[in-house]
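Enquirer: Below is a structure I'd like to ask you about.
The values are calculated or read from the model by the stated rules, or taken from the named source; none is laboratory data. Computed from a prediction, not measured in an experiment: that's the story for all the values here. Cβ sites come from the backbone with ideal geometry, for glycine too, and all protein chains shown count toward neighbours.
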Amino acid sequence: MASNTGAANRNNSNNIVGRLVEQKPLVIFSRSNCCMSHTMKTLIRSFGANPTVYELDEIRNGGEVERALQQMGCRPSVPAVFIGQEYVGGASEVMSLNLQNKLATLLIRAGAIWIWNGSD
């Protein structure tokens, strides 16, 4: 019976987060006082993207959303970056994608940006 409860909690978590990322090309779950969240928002905006940002310490159901992210396996819970409705990871994963020159491609595929000139 405990496994059914665990499955129900995961489904509920997926539903909460799923509703927030639905039909949005780029979503960042953040905390307004988190330096890594700020870094992710700055990095992604540097590509010309305009992410939907949920500041979990400022929205009404932020605690519930944060618990849902943790139940989905987001550790730490913020920053949590979703591109094309798919969880791509937190700060380490997004920075790795950027260093591998893969972040722009994901943003383009999701419709978060249209073109990218990666030259400096």
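Enquirer: With a cut-off of at least 2 residues that are aliphatic (A, V, I, L, M) and in contact with a Leu (Cβ under 9 Å, 6 or more places away or on another chain), name the strands (runs of 3 or more DSSP E) lying wholly within segment 14-106. Quick ask: steps written out before the conclusion?
Expert: On the way: elements: 26-30, 52-55, 80-83, 86-89.
It comes to 26-30, 80-83.
Enquirer: Which residues, taken from segment 88-110, are under 18 Å from Cys34 (Cβ atoms) and either modelled with pLDDT under 95 or in contact with a Pro (Cβ under 7 Å, 6 or more places away or on another chain) (or both)?
Expert: Gly90, Ala91
Enquirer: Let me ask you something else. Does Phe47 satisfy being closer than 13 Å to Val27 by Cβ, of a type in the set (Phe, Trp, Tyr) and in contact (Cβ under 8 Å) with a residue 12 or more places away in the chain? Quick ask: steps written out before the conclusion?
Expert: Working: closer than 13 Å to Val27 by Cβ: no; of a type in the set (Phe, Trp, Tyr): yes; in contact (Cβ under 8 Å) with a residue 12 or more places away in the chain: yes.
No; evaluated as a whole, the condition is false for this residue.
Enquirer: I would also like to ask the following. Pick from Gly63, Gly48, Gly73: which is under 13 Å from the mean Cα position of the chain (by Cα), of a type outside the set (Val, Ile, Thr) and surrounded by fewer than 17 Cβ atoms within 10 Å (Cβ to Cβ)?
Expert: Gly73
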